[in-house]
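The values are calculated or read from the model by the stated rules, or taken from the named source; none is laboratory data. Source: prediction; values computed, not measured. Here Cβ is always computed from backbone atoms with ideal geometry, including for glycine, and neighbour counts include all displayed protein chains.
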Amino acid sequence: MQHHLFHSVHQLSRELTRQVNEELQPLGIYSAQWSVLYVLHNVGPLTQSALCRHLAVEAPPMTRVVQRLVKQGYVQQVAGEDKRAKYVELTEAAVAAFPVWESAISRVHEKTLRQIPELLQQELSDSLQFWLRQLKGEIL
């Protein structure tokens, strides 16, 4: 049972990523970039290490994603008060494009959840949030 559960979670994650990439690709971004853009939009400027912690991503792939977003003109790196710390923040171009990306993501979510009753969606969300908090050590 345990192997099946973990395999199913992994496969679900991969399939959702594939569907998101399919929807975002015509817009010039992919799911990894969307994750960074989404966090910066909702949380505000963060250091790259804070982004890594927030998204549970190692530094090398995060560096590649941020570099690509800088090249695309969607984020910029600015010095913080401590000149050693660089913050990643959205550019005006990203703020302007965000509603289009968000609409694409909403289409994937709506299509994915169409056949799942709201009560089951809420139970699943609560269970996954509990499991994630437990894995992060926030719940003993």
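Of note:
- Test: residue in segment 85-106 that is surrounded by fewer than 10 Cβ atoms within 10 Å (Cβ to Cβ), modelled with pLDDT under 95 and over 14 Å from Trp34 (Cα atoms): no
- Any hit, segment 34-47, residues being closer than 30 Å to Leu5 by Cβ and touching a Cys at 6+ places or on another chain (Cβ under 9 Å): no
- Residues that are among the polar types (S, T, N, Q), within 18 Å of the chain's Cα centre (by Cα) and not in a helix (DSSP H, G or I), drawn from segment 83-140: Thr91
- Selection status of His10, surrounded by fewer than 16 Cβ atoms within 10 Å (Cβ to Cβ), under 21 Å from Trp101 (Cα atoms), at pLDDT below 95 and not polar (S, T, N, Q): no
- For Ser125, the criteria (1) small (Gly, Ala, Ser); (2) surrounded by 11 or more Cβ atoms within 10 Å (Cβ to Cβ); (3) under 22 Å from Gln19 (Cα atoms) hold in every case but one, which is (2).
- Residue match in segment 60-72 (condition: at pLDDT 95 or above, buried (at least 16 other Cβ atoms within 10 Å of the Cβ), over 29 Å from Glu138 (Cβ atoms) and in contact with a helix residue (DSSP H, G or I) (Cβ under 9 Å, 6 or more places away or on another chain)): yes
- First in segment 59-79 and over 15 Å from Ser31 (Cα atoms), second anywhere and of a type in the set (Phe, Trp, Tyr), Cβ under 6 Å, 6 or more apart: Val78/Tyr87
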